Amino acid sequence: MQKHRLDTMLTPQNPWITALKKFKKNKAITGEMISELIERVEIFSDQSVSICFRYRDEFESLLSFIEAESEVRVS
């Protein structure tokens with residue numbers, strides 16, 4: 001089930017994949033990257049910062065899949 005979701009997520013039509021490919025050669029953060037990859041930045045009174053990324057669900061799904069695959073290979 002998770003593999004099917006990953007296969008669906010990693011298609012060229014996925015805006016997350018398109019954005020990552022578009023910026024893969026960048027060495028520095030640009031305004032365009034921020035607009036496309038970051039949903040919001042929150043700065044709190046204690047000077048801490050929270051960055052909310054667009055496409056975080058896709059990223060978390062990919063990480064979960066990689067971790068599960070790693071556990072299977074180690075076993």
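The values are calculated or read from the model by the stated rules, or taken from the named source; none is laboratory data. Since the model is a prediction, treat every value here as computed from it, not as a measurement. With ideal geometry, Cβ positions are generated from the backbone for all residues, glycine too; neighbour counts draw on all protein chains shown. Heavy atoms of the whole protein, side chains included, go into the accessibility calculation; ligands, DNA and RNA do not. Shrake-Rupley method; radii C 1.70, N 1.55, O 1.52, S 1.80 Å.
Residue count for segment 23-75 satisfying the condition of being assigned to a helix (DSSP H, G or I), of a type in the set (F, W, Y) and free of Cβ contacts under 8 Å to residues at least 24 places away in the same chain: 1. For the criterion of being open to solvent by less than 100 Å² (accessible area, probe 1.4 Å), modelled with pLDDT of 90 or more and of a type in the set (S, T, N, Q), S48 passes.
Entry remark, segment 12-22: residues being open to solvent by 80 Å² or more (accessible area, probe 1.4 Å) and part of a helix (DSSP H, G or I) number 2 in total.
Of the residues screened, R54 is one that is at pLDDT below 90 and surrounded by 11 or more Cβ atoms within 10 Å (Cβ to Cβ).
The residues in segment 40-73 that are more than 22 Å from T11 (Cα to Cα) and touching a strand residue (DSSP E or B) at 6+ places or on another chain (Cβ under 7 Å) can be counted, and the count is 8.
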